[in-house]
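S.K.: Take this structure, written in structure tokens, and hold onto it; I'll ask about it next.
Read the figures in this text as sums done on the coordinates, not as results from a lab. Keep in mind that this is a model prediction, so the values were computed, not measured. Cβ sites come from the backbone with ideal geometry, for glycine too, and all protein chains shown count toward neighbours.
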Amino acid sequence: MRRALLWALPLGMVQPDDGSAQQQATDLDLDPYRDLAPLVTSRRPPAAAHRLAIVHLLLDRKAPVDGNAAVGNPARVATIRAPILAVVTILPLVLVSAPATAGAQVCGAAASREDPALGRFFEDYNANGTFVLFEPGSGTCVLHDPARARLRFLPASTFKIFNTMVALDAGSIADATTVLKWDGVDRGSAGWNRDQDMRTALRSSTVWFYQELARRTGEMRMREFLERETYGNAAVTGGIDSFWLTGGLAISADEQVAFLHRLYRGQLAFSMRAQHIARELLVLEQTDTYTLRGKTGWTQSGGRQLGWLVGWVEKDAVVHFFALNLDSPDPDFPMRDARMTILRRALDHLGVLPAAARDAAGVAMK
């Protein structure tokens with residue numbers, strides 16, 4: 001049975017009680033991933049007492065994760081001050097749910113090792129993040145921040161991979177060349193403000209195109225596809241055209257890699273036609289020596305930016321699957337540059353796609 005969602009405090013549920021609290025909260029050293037690991041394994045949404053325990057964990061790392069103790073001790077409850085309440089409001093994109101099952105992951109069972117050197121690529125951008133690299137031939141995983149790799153986040157536009165296959169098999173669109181007419185609404189991107197088919201929409205990550213496909217598919221059928229494939233937590237809450245952007249859907253980096261591995265091997269329950277089209281649409285670079293396939297994602301929640309880059313590299317008859325995500329509170333964070341640069345450096349460092357190979361193929365670093 002798939003594990004239930006980890007309860008998360010939605011935006012607006014807890015607010016600071018004075019104007020200074022928000023500024024105080026920004027000065028806190030917030031690193032919730034490891035401290036909240038015991039709660040991530042919860043099989044059911046915690047009661048109100050345990051919700052208080054989450055706040056205590058952020059307020060005082062020494063406080064026990066004991067909801068009853070929190071409720072039974074008024075002094076402890078009184079210590080929940082405005083700065084921490086303000087911090088809690090920025091967590092929804094981080095604290096979403098627990099991994100579903102070990103079968104939906106690859107690095108839990110594979111021979112895994114953490115490479116500390118990968119951390120410097122994130123540090124160069126002053127960002128929190130994780131990186132997962134899986135080579136199925138040897139069954140090995142190399143990771144940065146394994147704890148975060150198991151945490152689920154909004155998939156953002158990486159969900160377009162899944163949505164592509166859903167739309168094709170559900171009949172929401174005939175094929176990858178069928179054009180949807182632009183409605184004339186300026187969405188601030190020249191790449192979006194035009195008629196689109198799947199090829200152009202995936203390349204430019206056109207949100208309105210895939211929102212329309214999701215509406216055509218409908219919530220009931222979408223949920224059936226998500227549950228059948230055990231995609232993350234399979235949640236469709238938050239609206240049929242936004243559940244992957246700002247709603248309840250969430251997936252971990254480890255689960256992303258497992259999903260892509262199954263897609264590459266044609267082992268998903270989608271039709272072989274749909275899987276083939278999805279694989280072909282994901283090509284980012286193709287040279288005589290390697291092929292890089294991937295999809296980016298980018299969303300914002302609670303004042304933080306969250307970015308993804310997932311895919312795989314085919315080179316010398318060996319395939320490496322990867323997933324990275326990162327977040328930053330900086331409103332001007334260079335997400336587009338950061339995702340690709342971190343990936344390039346990680347693949348170079350691990351010998352998967354050396355810079356020399358890209359240079360020989362005439363491919364730029366960024």
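S.K.: Taking amide H positions as placed 1.01 Å from N in the peptide plane, with prolines and chain starts having none, which residues 5 or more places from Thr140, or on another chain, fall under 5 Å of its amide H?
M.R.: Long-range HN contacts for Thr140: Glu135.
S.K.: I've got another one for you. Over all distinct alpha-carbon pairs, what is the Kirkwood Rh of region 194-264 in angstrom? Let's see the in-between values first.
M.R.: Details: mean 1/r = 0.0765 Å⁻¹.
Result for region 194-264 stands at 13.1 Å.
S.K.: Report, in whole Å, the centroid distance computed from the Cα atoms of region 134-207 and region 278-338.
M.R.: The distance from the Cα centre of region 134-207 to that of region 278-338 comes to 11 Å.
S.K.: Let me know the Rg and Dmax you get for region 155-298 when you use only its Cα atoms, in Å.
M.R.: 14.5, 44
S.K.: Further, regarding this structure: Extent of region 254-366 along each principal axis, from alpha carbon coordinates, in Å, largest to smallest?
M.R.: Answer, in whole Å and largest first: 40, 38, 21 Å.
S.K.: Return the sequence-ordered ³J(HN,Hα) values of region 241-256 in whole Hz as given by the Karplus equation 6.51 cos²θ - 1.76 cosθ + 1.60 applied to θ = phi - 60°, using x for Gly and Pro.
M.R.: 9, 8, 5, 8, 9, 9, x, x, 5, 8, 8, 8, 4, 4, 5, 4
S.K.: More than 28 angstrom separation, counting every C-alpha pair in region 102-361; what % is that?
M.R.: The proportion of pairs with Cα distances above 28 Å equals 30 percent.
S.K.: Highest mean first, how do 186-195, 250-259 rank when packing is the count of other Cβ atoms within 10 Å averaged over residues?
M.R.: 250-259, 186-195
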